[in-house]
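> Got a structure here, written out as structure tokens. Questions coming.
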Amino acid sequence: MSFETAINIVESSLSDPSNDYDECLIDFYGGEPFLNFPLMKKICEYVWSKKWIKSYLFFATTNGTLIHGEIRDWLLTNKEKFHVALSIDGNKEMQDINRSKSFSKIDLHFFKETWEDLEVKMTISKETLPSLAEGVIYLHSFGFKIRNNLAYGIDWFEPENIQILSQELNKMIDYYLEHPEVKPCSLMDLKIEDRGYSEKKWCRVGTHMVVFDVDGKNYPCHGFLPTSIGKEKAENSRTFNFNLNENLLDLKCKDCLLYNFCPTCYASNYKESNSIANRNLQHCNFNKARALACSFLQAKKILVSEQSSIVNKEDYSKIESIIQIQNQITVQHFKEIFLEPIFQLSELEIVKLANIKSNGAETESLSLT
Ligand code: SF4
């Protein structure tokens, strides 16, 4: 992208009072955006030198390999105005498998010390799946928040992969129960209280996000760029109305309790099936195992809190989801994969949870009267 194209976009985004937002996150997107550091620097310094109507923050996701010398110093100087996320896929072994032996080129301590709230993006591949828990625990040791992504290439119809995933989720449950102060990685942090099927949109595509290609043309998100989805589909996507959430509903999943927190990518759906709503059922067993593991972890945490009398209001709304997930996602869903139930609470634990909830509801109604 040329400097002029970039500045035209930024000017129209930050100086037009008719835009219906107050603040803007300006995200440089790659490949690796720091490969074109001189252009990024020029754009940022131009924008910082002017006054704008809208507030804004610069942002980039980097693989960290170029963050040394001049770039490192510049980021350190501007760390309040320029935030980053780091793509790192676990410990040294995992990172070297997924990303061409790049671990030794990343200064993890610099990232940890420069941005307090830094989020790392951890991609899980077939090769690194067996070390998933180890990698997550390693990244937590730096205090990073972790967002997990699934790489293409894991066949979730393959029972072996679901078995390996479940073993790893089990290890993570043990870790999070031993370390309640650690915020679980995104894989283990489902908002299970949002259960059900609604018109909730999964991401910011097309309404709270716009992506500009190198020529300055806009698209609903990165997934709809011509390089991701092909020229013709990318062009079509520019006419889609993402405000109409009914366009995004997948009717084949309408009876699924997990629908609202089952991840979907509208661009991938469109690429694979010509429909933005049509989910790929390949991830179904993966999502079910994950929801069960999350309900199990959250139940155990609530039961521990109850012993120390610190169950809070949010826990009451989770309990109903936990019980429903535990009752509905059973070994039947995994009959070719597991012989025995996985992440299943005992009957006694379910009864205890139900009691905690009904005692909580009573206390609430008493305090209302
Ligand atoms: S893909 Fe599976 S888990 Fe996700 S909403 Fe559909 S039926 Fe539920």
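The values are calculated or read from the model by the stated rules, or taken from the named source; none is laboratory data. Fair warning: this is a prediction, and the values are worked out from it, not measured in the lab. Because the Cβ atoms are built from the backbone with ideal geometry, glycine has one as well, and the counts that use them run over all protein chains shown.
> For the range 118-136, indicate whether the set of residues that are part of a helix (DSSP H, G or I), surrounded by fewer than 15 Cβ atoms within 10 Å (Cβ to Cβ), touching a helix residue (DSSP H, G or I) at 6+ places or on another chain (Cβ under 6 Å) and not small (Gly, Ala, Ser) is non-empty.
Scanning the range 118-136, I find at least one residue that is part of a helix (DSSP H, G or I), surrounded by fewer than 15 Cβ atoms within 10 Å (Cβ to Cβ), touching a helix residue (DSSP H, G or I) at 6+ places or on another chain (Cβ under 6 Å) and not small (Gly, Ala, Ser), so the answer is yes.
> Within the range 251-274, work out how many residues are closer than 19 Å to residue 198 by Cβ and exposed (fewer than 13 other Cβ atoms within 10 Å of the Cβ). Talk me through it step by step, then tell me what you get.
Looking only at the range 251-274, we keep the residues that are closer than 19 Å to residue 198 by Cβ, and these are 251-266, 269.
Now restrict to residues that are exposed (fewer than 13 other Cβ atoms within 10 Å of the Cβ): 251-252, 254-255.
Qualifying residue count for the region: 4.
> Can I ask one more? Being more than 16 Å from the ligand (Cβ to nearest atom), without any contact (Cβ under 8 Å) to a residue 24 or more places away in the chain and outside any helix (DSSP H, G or I) is the filter here, so list the residues in the range 281-331 that pass it.
Of everything in the range 281-331, those that are more than 16 Å from the ligand (Cβ to nearest atom), without any contact (Cβ under 8 Å) to a residue 24 or more places away in the chain and outside any helix (DSSP H, G or I) turn out to be 308, 309, 310, 312.
> If you don't mind, another one. Regarding the range 202-221, can at least one residue be identified that is modelled with pLDDT under 95 and among the hydrophobic types (A, V, I, L, M, F, W, C)?
yes
> Residue 110 fails exactly one of the following numbered conditions: (1) in contact with a helix residue (DSSP H, G or I) (Cβ under 8 Å, 6 or more places away or on another chain); (2) buried (at least 18 other Cβ atoms within 10 Å of the Cβ); (3) not in a strand (DSSP E or B). What is the number of that condition?
Among (1) in contact with a helix residue (DSSP H, G or I) (Cβ under 8 Å, 6 or more places away or on another chain); (2) buried (at least 18 other Cβ atoms within 10 Å of the Cβ); (3) not in a strand (DSSP E or B), the lone unmet condition for residue 110 is (2).
> Also, I was wondering about something else. Only residues in the range 189-200 that are of a type in the set (Ser, Thr, Tyr) count as the first member; pair them with residues that are within 12 Å of the ligand (Cβ to nearest atom), Cβ under 6 angstrom, at least 6 apart or cross-chain, and list the lot.
Once the first residue is of a type in the set (Ser, Thr, Tyr) and sits in the range 189-200, its partners that are within 12 Å of the ligand (Cβ to nearest atom) give 197/254; 197/259; 198/260.
> Moving to a separate point now. Which members of the range 123-180 meet the condition of being in contact with a Cys (Cβ under 8 Å, 6 or more places away or on another chain) and at pLDDT below 95?
Within the range 123-180, 156 is the sole residue that qualifies.
> Here's a check for you: in the range 244-280, which residue that is of a type in the set (A, V, I, L, M) and within 24 Å of residue 189 (Cβ to Cβ) is farthest from the ligand (Cβ to nearest atom)? Give the steps one after another, and end with the answer.
So in the range 244-280, the residues of a type in the set (A, V, I, L, M) come out as 244, 248-249, 251, 257-258, 267, 276-277.
Now drop any that are not within 24 Å of residue 189 (Cβ to Cβ), which leaves 248, 257-258, 267.
On the way: 248: 12, 257: 8, 258: 4, 267: 17 Å.
Filtering first and then ranking leaves 267.
> Scan the range 93-105 and report the pairs whose first residue is without any contact (Cβ under 8 Å) to a residue 40 or more places away in the chain and surrounded by fewer than 17 Cβ atoms within 10 Å (Cβ to Cβ) and whose second residue is of a type in the set (Lys, Arg) and part of a helix (DSSP H, G or I), with Cβ atoms within less than 9 Å and a gap of 6+ or a chain change.
104/92
> Further question: Can you name the residue in the range 26-58 that is farther than 22 Å from residue 227 by Cβ and within 26 Å of the chain's Cα centre (by Cα) and, of all such residues, is surrounded by the most Cβ atoms within 10 Å (Cβ to Cβ)?
Among those residues, the one meeting the criterion is 58.
> So which of 205, 182 is crowded, with 19+ Cβ neighbours inside 10 Å, in contact (Cβ under 8 Å) with a residue 12 or more places away in the chain and more than 12 Å from the ligand (Cβ to nearest atom)?
Details: 182 fails: crowded, with 19+ Cβ neighbours inside 10 Å.
Going through 205, 182 in turn, the sole match is 205.
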